[in-house]
Every structure is written in C-alpha cells, then in structure tokens.
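Worksheet for the structure shown next.
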There are 2 protein chains.
Amino acid sequence: MSKRPKIIVIGAGFGGLQTALSLGGAPAEVWLVDRHAYHTFVPLLYQVATATLVPELIALPVQTLTRRHPNLRFVHAEVQAIDPRHQRVETNRGSLDYDYLVLATGSQLRLHTLPGAEDYALPLGTLDDAIQLRNHILGCFEQAAWESNPHKQQELLSFTIVGGGTTGVEMAGALVELMQGTLRRDYPHLDPRLIRVTLLHTGLTLLAEFPRHLGQYTLKRLRKMGVTVHLGTRVEAITATAVHLQEGTQIHTATVIWAAGVTPVVPISAPTLQRSPSQRLQVRPTLQLIDHPEIYAIGDVAEVQGRGQPLAGVAPVALQQGVATACNLRRQMAQRPLRRFRYLNKGRLAIIGGYAGIGQIGPIPLVGVIPWLMWLMVHWVYLPGYLSRLQVLLTWINAYLWGDRTVRQHLGASTSPQPDSTAVADASLPLLD
Amino acid sequence: MSKRPKIIVIGAGFGGLQTALSLGGAPAEVWLVDRHAYHTFVPLLYQVATATLVPELIALPVQTLTRRHPNLRFVHAEVQAIDPRHQRVETNRGSLDYDYLVLATGSQLRLHTLPGAEDYALPLGTLDDAIQLRNHILGCFEQAAWESNPHKQQELLSFTIVGGGTTGVEMAGALVELMQGTLRRDYPHLDPRLIRVTLLHTGLTLLAEFPRHLGQYTLKRLRKMGVTVHLGTRVEAITATAVHLQEGTQIHTATVIWAAGVTPVVPISAPTLQRSPSQRLQVRPTLQLIDHPEIYAIGDVAEVQGRGQPLAGVAPVALQQGVATACNLRRQMAQRPLRRFRYLNKGRLAIIGGYAGIGQIGPIPLVGVIPWLMWLMVHWVYLPGYLSRLQVLLTWINAYLWGDRTVRQHLGASTSPQPDSTAVADASLPLLD
C-alpha cells in the first residue's frame, strides 16, 4: 500500500484554514500549522480593541474545525524555517516533512520604518494586540481620573491613530463611540472636552481603495462624530508622549495606534524565490511558486494579479484562493491539469461607526446606514462558530441600542501586564478634594 | 450647609457591592474600593477554569452598577492599611478619610500551611486563578500530545484536586466532563485511558455541610463519572510532579488544584480588635465591630452566629448582611436604634456535573437532575448583567447539549504567561511517526 501524500499548510488565517477545510476528505494527510491554537477573525479586531467584543468570540479554536475531518490534523507550533530542497518545515516542536506545502503566513504591521514606532506605537494586527490596546485605552482613562496635572491629563485623554485605511477609520469611529458613551458614564468627574481622537493620513482622501466621493463622505462623518482628521500629513517620529509631524508640529498624546502599512511574512528563503516590489512572493496563475510546483502561496504573502493590478490583502481574496489551492492540490495529486485562479469581486464595504458605512457593490456606491448594516451582516455570517455568532449578535444589539461597551474588565493578553497602578501612587489625589 | 457623611466600603464582592447598592440614594457619599474594576461572580469560577465560560461573563465592571446612583463612586485601588483611630484608609492611590467604614474584604485560600502548596498547587479563588488554571489544564494536554515518554505523559494527564467541599466537587465533575468530551475530541491521538482525575478529601464524607447521605450520593456520582476519590486522606507535601500523602504513598501528577481551606483577609489592625478562632473579626449582632461602632464587618471576614454556630462563608450570607448593613448605616446616620442581623436560610445547593446535583431546602433533601437544574437557575438569576445572563444561557445550552467546551483559546490572565511551548522543543516528535 502506498503512503498517502502529506500536505502541510502554514497559517490558520482565512487562506490557510480554508485550504485545509477544503481538503477535508482528500486522499492526503493534511497538517495545519499555526503558532496560535485559534483562528482570528481579523475584521472584528477593532471591536475587541474598543471593549465591544469579548476576545474569545472572534477566536475560534482551530481544532473545533479540523476535528470534523479525519485526514486533518492541527499542529500548534511556530514555524522557524522552511527547507524547500529537502521538503521540510522546521518548527519549535521539531521538523516536519512534506510532499506539498501551502504558505498562508499572512502579513504583519510594518512598524520598523519609523523612529519610535516599534517602542511607542500600539499595533492592531493580532488578538493580543487588540487586548493590549483595549487595556491601554482603559488604563489611560483610569490614570487620567487620578491625574491632577491638566497637561498630563490632556495627554492621557488624547488618542492618535496613524493610517486612514479601513482599520484606521473603523478604529477612529469606534474609539469615539466608546469614549463619548461608556467611558464618559464610567468617569463622570472627567471633563469630556479633554477627550481627543485624532486620525492622521498621508493621502488626501481616506479609504483610497474606494471612489473619491466615498472617502469624502467618510471624512465628513468622522468629523461630525468628533474625530480630528489630518490629511496629507506624514509622521516623522513617535515618542512616549507625542507624535512628531513632518511639517514641524507635534501632537501630545499618550496613545498612538498604528494602522498603516503591512509587510508579508515570508518564512521561506531560497535563491530562486521571486518577490514583488511589496516583498510578496511571485506565483504562477495556479498559485504555485514559480520554481516550486509543490509549494503554493496564498493570501497576503502572495502577489496575484486581478484586472491588471495586485489583489488587495483582504479576507475574500484569501478565502477564494484557499478553495482554489485545495482544488489544484487535488488535481495535482491526481496528475490532472491545474486551473488558473480568478478572483470574483463581490464588492467592498467599510464601517465608520455611528450607523454609517460606505460600500461599492459592482458599479453601485453606497453610503449611510445601509452599508453599515450590510457590513455587520456580512461579517456576522462569515464569523465561524454558531455560538460565537449568537453571542456577537446579542452584544451588538446591546452595544448599538444602549451605546454600552461591556468588556471593561482589564483582563490580560497572553503576555501583557496590567497598566501599572502604582505609577501614579504619589500623584496628588483629586478625588480627595 | 453641613457636609454629608462619607462611607467607605472596602471590597466589591457580594457583601460590599450589595452594601453600596443598598446605600444608593442615601444621605451620604459612598465610595466603594476594590483592587479589581470588576465584581467576580465566584460561584461560576469553576466554569471559567474548565473552559466553559468566557471570563468576562462572570466579571461585571463595578462602574456599570455604581453609576446608577449619583452618591456612589467606585475607587479602583488597593487598600494597604486602615487607621481606625484617625478614621483613614491607606491605598496605593493615597489615603481616604471616612466617617463610616464597611469591611467586606472576604477571604483567601490558605496555601501556606502545607509544604510546597504555595509553589506548586494551583488555587481557585480569583478570576485570574481560574484563567491560569484553565490555561494550565489546556497546556498539559498540549504538552502530553508532544510527549513520547509514557511516564511523563501519564503525569501530564493526571489532575489532582485537594478538598472535598463544594469547590472541589464541582471542579472534579467539570474537569472530567471537559476531558472526556471536548479535549478527547481535540486530541484524538492521545490514549484516553491515561486521563486521571483524583479528588483528595480529609473527611470521611464529601460536602460535609450537607446531610451524610447526600455526601454519599455525591461520592457515588463522581466515581461513576470516572473520578478517583480518596476519603480520609491527608496531604503531606506537594512537589512539581507529585502529591505526597500522609500514609506514605504518592500520586504522580503535574496538576494540583487547591480547593481546601480559606482564611479571612483582615486589612485592619488595632489592639482592641477581637478575632474568632478562625481569625474572623468578632462583631456585634448589628454587624458593627465590638469597639468601633463606626466600622461594620460582613461576609467572610466577619464571625456571625446563626442558630448557635458561625455562618458559612457563602454568597447568600454576604448579600443579606450587605442589605442589613446599609439599613443600619441609614439608621445610625439618622440616630435611630440599629437592628440585629438575622440570616434567613433559603436552603443550599451543590452541583456535581453530568446532570446531577444535591440540595437541602428546609427539611427536604434533593438529589439528581432537579437540584442540578435548580443550581444553574439560581446562579443564572443572581448573575449580574442581563447581557452576561443571556450569553451564559446560550453557552450552557451549547455546553450541556453537545458536551462542547468552547473557551480553549489560551488567552491570558492579567499576569500569567502562556505555557512555555519551547520547553518540550527537544522532545522527540511522536507526530512524525
């Protein structure tokens, strides 16, 4: 009896997980490797960061999905290197051999390009990031309540977001909602006029991937909600207490949220690998690496053309590529000809907050409450796990009806300590007045 | 205009929170102080520790409750000392003066009495404890899956609980359910016969506060579920890999869960304070300290008699004492005579697991599915926060219908790191076979 081929899929994000699940029942052993034991539903990260959703609701244990198929196995390990010559993946648990490999390693925030960013900017890329950011925001309010120096208090209540793409826009909207609603009620003794949310964007229109007038609508909505938006602004450096802009001014702020620029995570190195200008891996139209037909690359790590330009790093692209890769792997194992990947664009949506969103479905642009509701519905339907889906629905109904954000318990990320409560112990006590 | 008196309530557990809320609208400033910004619903901690409930669901932000009344204020601070002579509370945020003080500081696990317990036993007293315990349990399965030494694997899959009171019994039942259900499905390659849950109890009957035959029923149920129960066993020492019993034998186990013995947390010291043999504060029948009529003590920290013996440290006692204290404080401020506290015992329930519980309502003993359901219903009704209540209901329906425990994401407690995944990196890889 011949041994069944072994497929290793690296990364349990949208692309990798979809590949593995689409290979359920295939004549192969499929091992899905990820450093986290859960699949993160990235589009809802900002709702974790703004105390709306409990983190567990957007983090489905991978095993819950893989155990449905006997030929799938989840491996909780961190990939350290890939040796394409010997067809081997090195992990912190040991090395794994493969016959076929799928790289679905995604991207990470590009923080190192700016002085101070790695030390002082808070990223929003992973679930731990979101939890740490939430605790930091709650900690700023808490510290501000004990702070008697008005300059310092202003700094603690100033929140600055770098990047006017979808993440930056949705963070800005959700932050204002959190602060003007729940946190004002939690801290009735704080002066609400001190709260400041600033969005910095290098371009001249927000949400550049949408038509220009949708970006202008977004700008108007955010300003109406109370967000200070600076367009055409470049950040030069970040310190513990300020953002320095290229034009020479600075913004005093204890919180800088980084939502600008990602770079692909490429765990493989070989002399024959070809990369795009954005450092993504060049692939054939069948999603195989150009010199390695046994290796596929999908999602943010792969450069794939659609209508003459590279496809964006969004979930629908990765999901469709996951299905296509599984299909091609089945064909490759059966020695049948492979198929070209073609992306079907069903439209795009972005949420602003305050019952407002924008969208572009085919030729039709949408603004206002309809795309806002569509955004929530689409993400609700795609969220994995029916229990999470029910709980998210309840949370949203509560949040949007009463303006309440309930996740304010300061429970930790896997690594972060709580904000240091003794740091202000020697400050004077405004409460005692 | 005379200044309104200031009441400080220390501890936002059942007793302290109830006192503060019952003082809503009273002619006084009420400051509720706690080191956590949330109220922990302790009876459901074991469900957090066994991956059933998301921690946030049993941790309501205190401000959500206190902001309902303008005379209540929540102070997130850690009490360091109390000076009854100058009527002052010292915290890490500074000192607070009071006219009246309510001590509702609860109890903590008494770990220091046993060699090795503080280092190696995992307590289950706070929400952080529960999260750390859950992550430890999940980490043991994860490590066992990578372990090739059968002796070490057996040790990782052995879980030992010390203490046969309600916490020990409910942990034992819930642990077996978690392991035989969800974790067996997550790790299909582990031999389920290696999983071992052991309950150690010094007494000869479990749940000693109930009639004897209810304890015997509990013993039978636990054994039927697969728990190894040792009665009349005293633990002599705990090490990283074993529990040493007084009779000379030892149990090899990587996990020791401590559910035996609590001691009151008394942050006050004064020469005139009187303590009970169990170190609780002696109070008058009105719940005031004997020599300090301006200080009340309630809940686990106070020794209160009911029908000739000290009242147990359970939530109903603390809740009723909270109401009584608020009532007496209002009378004391109005210079009216105070009332004696009298506990109304509505009965007791304990949950075992597997659709089984026990109960004693007045003279009527109950066993089986009825008290199990009553336990869930009573705790569901008392859980604060209607959103949490709805989400807990959904979680329970899912958990008890499908035997699934969904909270397996390894997200951290505020302080604990994740189990070290590199610790077994040099172990051989059974997965590669």
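Values quoted throughout were computed directly from the atomic coordinates according to the rules given, and no laboratory measurement underlies them. This one's a predicted model, so the numbers in the text were calculated from it and none came from an experiment. Methodologically, a virtual Cβ is constructed for each residue, glycine included, from the backbone with ideal geometry; neighbour enumeration extends over all protein chains shown.
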With a Förster radius of 30 Å, plug the Cβ-Cβ distance of residue A:312 and residue A:291 into 1/(1 + (r/R0)^6) and report the FRET value to the nearest 0.05. 0.70
Using the Kyte-Doolittle scale, which helices in chain B average at least 1.0 and also have C-alpha atoms spread 15 Å or more along the helix axis, with helices defined as whole DSSP H runs? B:369-382
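Given the Cα-Cα distance of residue A:189 and residue A:361 and 0.36 nm per residue of separation, how much length would full extension add, in nm? Show your work: numbers first, answer last.
Details: separation 172, 0.36 × 172 = 61.92 nm, distance 4.56 nm.
Between residue A:189 and residue A:361, full extension yields an extra 57.4 nm.
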Ordered shortest first, which distances in nm separate the 7 Å Cα→C-beta label point of residue B:403 from those of the other copies? 4.8
HN-Hα J couplings of the range A:60-67 from phi, Karplus 6.51/-1.76/1.60, θ = phi - 60°, integer Hz, Gly and Pro as x? 7, x, 4, 4, 4, 8, 5, 5
Inverting the mean 1/r over all pairs of different Cα atoms, compute the Kirkwood radius of chain A and quote it in Å. 23.1 Å
Mind checking which lysines have their Cα closer than 22 Å to the Cα of residue B:346? Skip sequence neighbours fewer than 8 apart in that chain. none
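Over all distinct alpha-carbon pairs, what is the Kirkwood Rh of the range A:1-60 in angstrom? Walk me through the intermediate numbers first.
Values: mean 1/r = 0.0760 Å⁻¹.
With all distinct Cα pairs of the range A:1-60 included, I get 13.2 Å.
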Placed amide H near residue A:197: partners under 5 Å, 5+ positions off or other chain: A:159, A:228
With the dipole of chain A defined by +1 on each Lys or Arg Cβ and -1 on each Asp or Glu Cβ, the option from A:178, A:366, A:156 whose Cα lies farthest towards the positive pole is A:366
Compute the relative contact order of chain B as a whole-number percentage, counting only Cα pairs closer than 8 Å that sit 6 or more residues apart in sequence. 20 percent
Cβ-based charge dipole, the range A:208-287, positive-most Cα from A:252, A:277, A:210: A:210
Zero-based 10 Å bins, Cα pair distances in the protein assembly as shown, whole percents: 2, 12, 20, 23, 20, 14, 7, 2, 0, 0
Helix-only mean residue ellipticity at 222 nm for chain B, each DSSP H run of n ≥ 4 adding -39500 (n - 2.57), per residue, nearest 500: -9000 deg cm²/dmol
Applying the Karplus parametrisation 6.51 cos²θ - 1.76 cosθ + 1.60 with θ = phi - 60° to the phi angles of the range B:286-295, what ³J(HN,Hα) value in whole Hz is obtained for each residue in order, glycine and proline being reported as x? 8, 6, 7, 5, 4, 9, 9, x, 8, 10
Quick calc, the protein assembly as shown, dipole around Cα centre from Cβ unit charges on Lys, Arg (+) and Asp, Glu (-), nearest 20 debye, gives 2740 debye
